[in-house]
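A short worksheet on the structure shown next.
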Amino acid sequence: MTPTTLANVDLVSYLPLGLIITMAVGFAVANVVLTLIIGPKREGKTKGIAYESGMNPVGTARKRFNVRFYLIAMVFLVFDVEVVFLYPWAATFPNIAPGSPDGLMWLIRILFFLFTTVIAYIYGYRKGVFKFD
Amino acid sequence: MSEKLAILWPEIILFLGTCVVMILGLSPRIEARKACAAVAAIAIVLAGIVGSLAPSGGSALLPELMNYSKGLIAIIGLLLLLLATGTVDRAEERAIAAGQRTFDPLRATRGEFYAFFLFSLTGLMLCASADDLIWLFLALELTSLPTYVMVAISTRGTRSQEAGVKYFFLGALGAAIFLYGFALLYGGTGTTNLTEMHAYFAANGLNPIATAGLVISIVGIGFKIAAVPMHFYTADVYQGAAASVSAFLAFVPKTAGFLAILAIVAAPGWAYGTSGESLPPELRVTLWVIAALTMTVGNTLALMQTSIKRILAYSSIAHTGYMLVGVIAGPGDGSFTQNGVAAVLFYLLTYGVLNLGAFAIVACLEHDRGDTTEPDEADHIDDLKGLCRTKPVMGWVIVISSLGLLGLPPLLGFFGKVPLFTSGIAAGEIALVLVLAINSAIAAFYYLRLVNAALLSDPDPKGETLRETPLPLRRVAAVVATGGVIVLTIAAGGLMTAAEQAGTYAPMTHDEAERYLEAAGRASQAAELPEAP
Amino acid sequence: MLYLLMAVPLLFAAVIATRPPEHARWIALVGSFVALGVTLFAMLQFSYAFGGSTQLEAHTPWIPALGVTLDVGVDSVSLLLIALTALLGPICVLASWTAITWQQRTYYAWLLILQTAMVGVFAARDLIFFYVCFEFTLIPMYVLISLFGSTNRKKAATKFFLYTFTGSIVALAGLIYVAWWHARGAGEWTFAIATLGETARQMPLSVQMPVMIAMLLGFAVKVPLFPVHTWLPLAHTEAPTAGSVILAGVLLKLGTYGIYRFVLPFVPEAVAVAAPTIAVLSIIGIVYAGLICWVQTDVKKLVAYSSVSHLGFCVIGLFALNHVGISGSVMYMINHGLSTGALFLLIGMAYERYHTRSMKELGGLAAKMPVWATFMVFFAMASVALPGLNGFVSEFMCMMGVFQADDAWAAAAGSAAQVPGSTPGPLGPWFALAAGTGVIIGAMYVLYMVGKVCFGPLVEPAGHDQHAHGDGHEGDHHLPADLTPREIWTLLPLAAGCLVLGLYPSPVLDTIEPSVSNIVSLYDDRVELPAMMPTGDTDAPADRPAEVMP
């Protein structure tokens, strides 16, 4: 038995899908083009300013942030992703038969993963990410 | 799982080395920071030993490929590491030693540099043991991602940063293209496992979607090996990065790309065409055109350069083209003279050593303009003038490396090229071999310029500030690489036997493939059953 | 034995590299004499009765994975060319004695390395080994020209390198194709020249043709044949004297030797078809280069172009495909080495004194340098084939071979054997006639040059008298007006060689006979095809020598 593949599927059956995609793209393009052609154009200073939820904009948007913001964002990402991985693992692990070789393997895997995050943590610590002064 | 672990020990060793290096590099104690390179070296040596002694594994189609490649990667990797010493943080460390500044972990990049170095080698070794498209993709990206950062931090100048960003964006484009190709391959065959894919092709033949996937994958991986039309970044990036990193770029991603191409191309195998011994026609034509264009473009553009790094960058493009001839030729009857795969593997070794020697010269010479700034690299061809007289060791390094890259007998490069010739001819690719021959001749022109400058010109009066680098390990790398060229020339026979073995290709017959699929089909059905909660 | 012959110059080159520069030329001289001695010893060991078979063989495996070995062995033609190389060795060292005053170690070391490579080419019995040596001659020559040549040397050296490298890499592709053809049939790869020759002869014409074109591309550049000759005058003119001597004496012979060793025996059918084309190219080369010589004012360039013209005879003799032509051609290889080498030496000697090679600035030197002028006239005569001197024998034999090589004539007479002296071949009297004009042109330009430079009113470069007898330009040595004993001793062996070979060439002809027969027999077989010899019952042609089993 061979696995089902795209090649085995009759491509004609995808025709309606293609048609819908064509219509969708066509609709979008047509709208943009039509707006450019027939839409009224009123340019003004007020119209050109940035939209800040009704407030008058202050200063420029191209301001440099302290590099620590990025570092903290990245450290957050590391631990965030860690939790994302840990949760399904923790939910599945109790279902494995105790004492089976599978269980040991699962444990080693997650310990390895935790090891990498610990390394990341030590690295972040030494880099001075957690110094807020 | 555990059988996979057995072949992954080299990668695990490298990874552990990476962890240690990353943390050591941020130590406030200078001794600990200096230990980074040593730890990295130990990790590479251990990984190399374990990798070449490990039980063979990886792809079932190229069963012997892994051990040879890992040994090769470790050898060249170690030389690259020697060359990379002192690339980052030189001025910083000098200022700290002079007491002008205290150690600031945010400014230090040494730990990261070596860690990325090892990460990239880890990815490269993973490429050698890949037998699955997803694995292959991750391995390729693990090889490349660290190099983007390495380029950007390799010097303090804005050029490096520009090069890093350019490299990153084009690299992302390349990755997207071959990922798309991988997706099509999956769509066309219903599997990501390369052995299973081979069985599918052997049993059912090719289908248009899979063929498109193959072609697109190859074009995308062309970025890693700097093949036309994905070569545009090469010269700028190599020039922008420090020479030690350029040497790294010229070997590591290229080797990764070639290992990946071999793994992918082995899936349909060399069982098509009129002779029944060549690649599927579409794939063959694509590779043919890419190879011919790559050689020609690389060599022609190299003629017009005055920067050594740019010359070497274009020459590395040309060498990619040469090696693609071996990929097109395929394994033939498996003997070294007809096995294009073995020819590629052997050429990677010769190219790695010779190219390292050539880049080492740029890394080892610098213009000293006072000690406040980082010294400039001596990258102009005029800097080489009269080198054999003023600095004989460096002079002969560049002379021997250039002549070797040119393929002048009896140096190593020639014996790298002969198997490409023989396998190409044996596969019936006479026209491509002629293109290869003519390109080798074109290449003579710019390699001769390097030789001419170093061996035969009078020293440049402007070259007073030129000096050899004070970093001893870099000079060691240069000398070892050049000595290696001579030693390997003499020992070429043994290496060729190793490459011949590594190039073993084990395709399935039609019946074997059907049996394999049947077994795999049952297995996959079993796996699809939901596990009892 | 042959390994020893290759190792001696290399060893002495290594010694030079470690000794102070003042000793370099002495060591080089000793080294080249030792090499000459070893060569003479090798010649004594050689059994001339079996000159066509490979002797003094030695086998060394090199790269088993590729089937590459370091096998060596010589037949009589190889041996003679090695002897020529060895003879020119000390002469080149002596010729550079006072001319090279800077970087002596580099110069003499490369000179000796070059000698090793050249011996390697002639001795190799493995194709890859042959190719390695063939290519490796480029590096020493490149260094010699670009470090020690005259004003335009860099360009000349690069052009020389690129031309020959390009040609020979295409030749490599062709030769490897033959190896593959063998591997396909025999199942294993080998690069042994003799084995590959067997295989190559069995290839069909459609395969032989491209292989021949590829090989010819490589060797024709080295010869050089007409359309690809342009590197030679430049390289000759710019090279130092000894460089020119080696270039004319041996390096050009690598091309004709390659044709002799590979093209003729490997692809006989293709050669038979292409011979007229090659002959036409040779004739164009002969006449065209001769005409260029006529308008030269630079003496060295004149001799350089005359080389192109002479080698044209050599090639056309080879492609006559009969006994006389090929023997003459092999003779020509040796004679040209002697006489043209000597001419370059003489020009070098004059240049050392006057620092010019322009015929406008030199004239009537016989008045001031009678010995020099005597030698000049002698070698010029040898070069234009004056009967009694060596050039005559070989040139006459080449022409003879071309004249006789006439299928039409042979066919008209029924068979080759029935017309005395006629052998089948694709050329014929018309080709001989066309090439013959080259002889006349040759005589004109050489006589013109000799007349202008040696005789007539004395002309010396302006300002020469201020530095009377000396030259304070490059070296501090002072040369007398006429030749020194060292210079005379440099020239005498060459002169003796010219005279002996001119008056009594038969020992050499006898020596090369078996080797040439081996090749000619390949082409005679062609005649015995039923289609070409309807009678079919004749014996071997009368002039066909007894075959010597290889």
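Check whether at least one residue in the stretch B:180-196 is under 30 Å from B:Asn355 (Cβ atoms) and of a type in the set (Phe, Trp, Tyr), and report yes or no.
yes
Answer yes if at least one residue in the stretch B:230-242 is within 14 Å of chain A (Cβ to nearest Cβ) and either touching a helix residue (DSSP H, G or I) at 6+ places or on another chain (Cβ under 7 Å) or in contact (Cβ under 8 Å) with a residue 40 or more places away in the chain (or both), and no otherwise.
no
For the stretch B:156-177, enumerate the residues that are within 29 Å of B:Arg90 (Cα to Cα) and β-branched (Val, Ile, Thr).
B:Thr158, B:Val165
Whether any residue in the stretch B:452-466 is within 13 Å of another protein chain (Cβ to nearest Cβ) and charged (D, E, K, R) is what I want to check.
Among the residues of the stretch B:452-466, at least one is within 13 Å of another protein chain (Cβ to nearest Cβ) and charged (D, E, K, R), which makes the answer yes.
Among (1) at pLDDT 90 or above; (2) surrounded by fewer than 18 Cβ atoms within 10 Å (Cβ to Cβ), there is one condition B:Gly298 misses while meeting the rest; what is its number?
Against the list (1) at pLDDT 90 or above; (2) surrounded by fewer than 18 Cβ atoms within 10 Å (Cβ to Cβ), B:Gly298 comes up short only on (2).
Does B:Leu345 meet the test of being at pLDDT 90 or above, within 17 Å of the chain's Cα centre (by Cα) and within 14 Å of chain C (Cβ to nearest Cβ)?
Spelling it out, B:Leu345 is indeed at pLDDT 90 or above, within 17 Å of the chain's Cα centre (by Cα) and within 14 Å of chain C (Cβ to nearest Cβ).
So is B:Thr337 crowded, with 24+ Cβ neighbours inside 10 Å and under 25 Å from C:Val68 (Cα atoms) or not?
So B:Thr337 fits the description; yes.
Has the stretch B:217-225 got at least one residue that is in contact with a His (Cβ under 9 Å, 6 or more places away or on another chain) and small (Gly, Ala, Ser)?
Within the stretch B:217-225, one or more residues are in contact with a His (Cβ under 9 Å, 6 or more places away or on another chain) and small (Gly, Ala, Ser).
Only residues in the stretch B:404-415 that are under 14 Å from B:Val487 (Cα atoms) and buried (at least 24 other Cβ atoms within 10 Å of the Cβ) count as the first member; pair them with residues that are at pLDDT below 85 and of a type in the set (Gly, Ala, Ser), Cβ under 6 angstrom, at least 6 apart or cross-chain, and list the lot.
Filtered contacts from the stretch B:404-415: B:Phe415/B:Ala492.
Quick one: which of A:Leu71, A:Leu86 is of a type outside the set (Phe, Trp, Tyr) and modelled with pLDDT of 85 or more?
Matching residue, one of A:Leu71, A:Leu86: A:Leu86.
In this structure, does C:Ile278 turn out to be surrounded by fewer than 24 Cβ atoms within 10 Å (Cβ to Cβ) and farther than 18 Å from C:Cys293 by Cα?
Spelling it out, C:Ile278 is indeed surrounded by fewer than 24 Cβ atoms within 10 Å (Cβ to Cβ) and farther than 18 Å from C:Cys293 by Cα.
Against the conditions (1) out of contact with any Pro (no Cβ under 6 Å at 6 or more places or on another chain); (2) more than 9 Å from chain B (Cβ to nearest Cβ); (3) part of a helix (DSSP H, G or I), where does C:Gly197 fall short? Just the number, please.
(1)
Looking at C:Ala117 and the list (1) in contact with a Phe, Trp or Tyr (Cβ under 6 Å, 6 or more places away or on another chain); (2) over 19 Å from C:Val263 (Cβ atoms); (3) within 9 Å of chain B (Cβ to nearest Cβ), which single condition is not satisfied?
It is condition (3) that C:Ala117 fails.
Provide a single number: the residues in the stretch B:1-34 that are under 19 Å from B:Thr102 (Cα atoms) and free of Cβ contacts under 8 Å to residues at least 60 places away in the same chain.
Going through the stretch B:1-34 one residue at a time, the tally reaches 5.
When only residues in the stretch B:418-435 that are of a type outside the set (Val, Ile, Thr) and facing another protein chain (nearest Cβ under 8 Å) count, which is surrounded by the most Cβ atoms within 10 Å (Cβ to Cβ)?
It comes out as B:Pro419.
Is it the case that some residue within the stretch C:383-390 is β-branched (Val, Ile, Thr), touching a helix residue (DSSP H, G or I) at 6+ places or on another chain (Cβ under 6 Å) and either surrounded by fewer than 23 Cβ atoms within 10 Å (Cβ to Cβ) or part of a loop (DSSP other than H, G, I, E, B) (or both)?
yes
Taking the stretch B:459-475 on its own, how many of its residues are outside any strand (DSSP E or B) and aliphatic (A, V, I, L, M)?
Total satisfying the criteria: 2.
Does the stretch C:211-218 include one or more residues that are more than 21 Å from C:Val132 (Cα to Cα) and surrounded by fewer than 23 Cβ atoms within 10 Å (Cβ to Cβ)?
no
Out of everything in the stretch C:424-446 that is in a loop (DSSP other than H, G, I, E, B) and of a type outside the set (A, V, I, L, M), what residue ends up being modelled with the lowest pLDDT?
Residue satisfying both the conditions and the ranking: C:Pro424.
As an exercise: evaluate C:Thr151 against (1) more than 7 Å from chain B (Cβ to nearest Cβ); (2) part of a helix (DSSP H, G or I) and give the number of the one condition it does not meet.
Evaluating C:Thr151 over (1) more than 7 Å from chain B (Cβ to nearest Cβ); (2) part of a helix (DSSP H, G or I) leaves (2) as the failure.
When the residues of the stretch B:69-89 are narrowed to those that are at pLDDT 90 or above and β-branched (Val, Ile, Thr), which ends up surrounded by the fewest Cβ atoms within 10 Å (Cβ to Cβ)?
B:Ile75
Quick one: which helices (runs of 4 or more DSSP H) lie wholly within the stretch A:1-112 and hold at least 1 residues that are away from chain B (no Cβ under 14 Å), surrounded by 10 or more Cβ atoms within 10 Å (Cβ to Cβ) and of a type in the set (D, E, K, R)?
A:67-92
Name the residues in the stretch C:355-368 that are under 29 Å from the mean Cα position of the chain (by Cα) and not in a loop (DSSP other than H, G, I, E, B), would you?
Matches in the stretch C:355-368: C:Ser358 only.
Specify which of the listed residues (B:Phe415, B:Phe359) is within 14 Å of another protein chain (Cβ to nearest Cβ) and within 22 Å of the chain's Cα centre (by Cα).
So the residue among B:Phe415, B:Phe359 that is within 14 Å of another protein chain (Cβ to nearest Cβ) and within 22 Å of the chain's Cα centre (by Cα) is B:Phe415.
Exactly one condition in (1) surrounded by 23 or more Cβ atoms within 10 Å (Cβ to Cβ); (2) within 14 Å of another protein chain (Cβ to nearest Cβ) is false for B:Asn204; which is it?
Against the list (1) surrounded by 23 or more Cβ atoms within 10 Å (Cβ to Cβ); (2) within 14 Å of another protein chain (Cβ to nearest Cβ), B:Asn204 comes up short only on (1).
Output the residue which, of all residues in the stretch C:154-164 that are under 26 Å from C:Glu352 (Cα atoms) and within 10 Å of another protein chain (Cβ to nearest Cβ), is surrounded by the most Cβ atoms within 10 Å (Cβ to Cβ).
Of everything passing the filter in the stretch C:154-164, C:Ala157 is surrounded by the most Cβ atoms within 10 Å (Cβ to Cβ).
Looking only at the stretch B:23-38, filter to residues that are within 14 Å of chain A (Cβ to nearest Cβ) and within 23 Å of B:Arg474 (Cβ to Cβ); which one of those is surrounded by the fewest Cβ atoms within 10 Å (Cβ to Cβ)?
B:Ala32
Within the stretch B:89-127, how many residues turn out to be in a loop (DSSP other than H, G, I, E, B) and of a type in the set (D, E, K, R)?
4
Pairs only if they're at least six apart or on different chains, beta carbon under 7 angstrom, first in the stretch C:167-189 and without any contact (Cβ under 8 Å) to a residue 40 or more places away in the chain and more than 7 Å from chain B (Cβ to nearest Cβ), second outside any helix (DSSP H, G or I) and not acidic (Asp, Glu); list them, first residue then second.
C:Trp181/C:Met203; C:His182/C:Thr190
What are the residues in the stretch C:1-57 that are in contact (Cβ under 8 Å) with a residue 60 or more places away in the chain and hydroxyl-bearing (Ser, Thr, Tyr), if any?
Listed by number, the residues that qualify are C:Tyr3, C:Ser32, C:Tyr48, C:Ser53, C:Thr54.
The values are calculated or read from the model by the stated rules, or taken from the named source; none is laboratory data. On a predicted model such as this, the values are computed, not experimentally measured, just so you know. Virtual Cβ from ideal backbone geometry, glycine too; neighbours counted across all protein chains shown.
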